[in-house]
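Participant: Encoded as structure tokens, here's the structure I'll be asking about.
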Amino acid sequence: MRENPNLSALLRRLSWARLMTAGLLLGAGGLLALWSPLPFPFLPFALCLAAAATASTVYLLTLRTVTSLRRFAWLQLTLDVLLETAVVAVTGGPRSIFSFLYVLSITVASLVLARPGGMVMAGLASLLYTGVILGGTIAPLNGSFKPTEATALDVLTIFMNVGAFIVVAILTGTLAER
């Protein structure tokens, strides 16, 4: 498959969008934390957003030297899904209000990498999201988290979100191909 000549500009805009989104979420979270207690710890949330902002800055600084833009896009989008998983994990897992971030990455993957890219990112997001929710039941991390039992609502949340991830990948992939 030949590379899209506009891929460099698209990846640059993606990096700026990621940087602005991280900044807006960090600012909004900080303001909300000053106003009233957040339902999740602010420091891990802020660290995840700082990691996203740092990654975006590195992407912007190295984009001109990249030889394979498609591989670079795969790296960016995979790291996005990993960072989104961290945000979802630290903000409540199945009750996190940030699971919509996966949809943004899946949509961008479909646009940048066509339908296969969107489907791969939907699969990765589904696996990681399911792991976050069931991970508390199966293997609490380093003893600092108490094991929690997955409720029927948690399982339903998994199915609903995974279904949404796949539908978004199919629809945006179809639109991108047109």
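The values are calculated or read from the model by the stated rules, or taken from the named source; none is laboratory data. Just so you know, these numbers come straight off a predicted model, no measurement behind them. Each accessible area value is taken on the protein alone, full model and side chains, heavy atoms only, with ligands, DNA and RNA left out. Shrake-Rupley method; radii C 1.70, N 1.55, O 1.52, S 1.80 Å.
Participant: What are the residues in the range 92-107 that are modelled with pLDDT of 90 or more, open to solvent by 40 Å² or more (accessible area, probe 1.4 Å) and aliphatic (A, V, I, L, M), if any?
Facilitator: Hits for the range 92-107 are Val103, Leu104.
Participant: While we're looking at this one, here's another question. Of everything in the range 12-49 that's open to solvent by 80 Å² or more (accessible area, probe 1.4 Å), aliphatic (A, V, I, L, M) and under 17 Å from the mean Cα position of the chain (by Cα), which residue is nearest to Val108 (Cα to Cα)?
Facilitator: Step by step, filter the range 12-49, then rank; the result is Met20.
Participant: Among the residues of the range 25-70, what is the count of those that are outside any helix (DSSP H, G or I) and within 18 Å of Leu10 (Cα to Cα)?
Facilitator: Counting residues in the range 25-70 that are outside any helix (DSSP H, G or I) and within 18 Å of Leu10 (Cα to Cα) gives 3.
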